[in-house]
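The values are calculated or read from the model by the stated rules, or taken from the named source; none is laboratory data. Given the structure is predicted, the values throughout are model-derived calculations rather than measurements. Counting neighbours? That spans all protein chains shown, and the Cβs are built from the backbone with ideal geometry, glycine included. Keep in mind that these areas ignore ligands, DNA and RNA; they rest on the heavy atoms of the full protein, side chains included. Shrake-Rupley method; radii C 1.70, N 1.55, O 1.52, S 1.80 Å.
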Amino acid sequence: MERISKENYYLDIAETVLERATCLRRVYGAIIVKNDEIISTGYNGAPRGRANCVDMGYCSREAMKVPRGERYELCRSVHAEANAIISASRRDMVGGTIYLVGRDARTGELLADATSCLMCRRMVINAGLEKVVIRRTETEFETVPVADWIAEDDLLTPENVVMDLK
């Protein structure tokens with residue numbers, strides 16, 4: 001039997017974590033690892049004590065016809081990355097890696113375009129994480145140095161933002 005890579009080992013665990021997610025659109029699971037030790041886990045779902053979309057039977061963003069990737073402040077869920085970061089101490093995360101897996105909530109299909117939103121990227125940066133590993137297929141993944149996200153964020157100028165909105 002061939003041993004799976006460490007990346008796929010941790011991505012498989014993150015994929016198990018996403019089974020707790022409560023979003024009706026996309027479900028995500030994340031785990032933070034440092035020195036081969038799992039520091040924390042997170043999945044997307046409503047804040048503690050609030051109703052989840054799966055329990056209510058509808059997505060408020062869909063009801064308002066908000067396109068995917070826009071107006072996250074209207075979403076009931078706390079994102080998987082944010083939940084994993086909230087559940088860990090910064091001193092434990094600094095220099096660590098966050099593993100992220102996403103699936104379509106309706107079809108169960110793996111999201112080949114999974115990534116962190118801009119707010120989660122900022123949280124990942126502030127948490128001191130070094131890398132983000134994102135599952136693309138059952139065995140393929142992308143490793144993103146967090147330094148790339150820092151550089152991209154610095155490229156957001158008023159001119160670039162106006163061009164992106166057009």
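Okay, here's what the table says:
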read-out: Residue-averaged [θ]222 nm for the chain, counting only DSSP H segments that reach four residues, each worth -39500 (n - 2.57); value: -9000 deg cm²/dmol
read-out: Protein accessible area in the chain, 1.4 Å probe - carbon and sulfur %; value: 52 percent
read-out: Antiparallel DSSP beta bridges within the range 34-166, percent to nearest 5; value: 65 percent
read-out: Value of relative contact order over the chain, rounded to a whole percent, pairs C-alpha under 8 Å and six or more apart; value: 22 percent
read-out: Estimated FRET transfer efficiency when R0 is 41 angstrom, pair Thr139-Arg50 (beta carbons, to 0.05); value: 0.65
read-out: Charge dipole (the chain, unit charges on Cβ, about Cα centre) - positive-most of Gly49, Gly102, Pro145; value: Gly49
read-out: Phi-based couplings in Hz for the range 52-63 (Karplus 6.51, -1.76, 1.60; Gly and Pro marked x); value: 7, 4, 4, 6, 7, x, 7, 9, 5, 5, 5, 4
read-out: Residues of the chain: accessible area per residue with a 1.4 Å probe, Å²; value: 59 Å²
read-out: Inter-label distance, nm, simple model (7 Å from Cα along the C-beta direction), Ala63/Glu152; value: 3.2 nm
read-out: Net dipole in debye of the chain [+1 Lys, Arg Cβ; -1 Asp, Glu Cβ; about Cα centre; nearest 20]; value: 700 debye
read-out: Mean projected area in nm² (Cα convex hull; one quarter of hull surface) for the chain; value: 11.0 nm²
read-out: Positive dipole terminus of the range 24-113, leading residue within Tyr58, Ile31, Met93 (C-beta point charges); value: Tyr58
read-out: Ile13-Glu70 FRET efficiency (beta carbon distance; Förster radius 22 Å; 0.05 resolution); value: 0.15
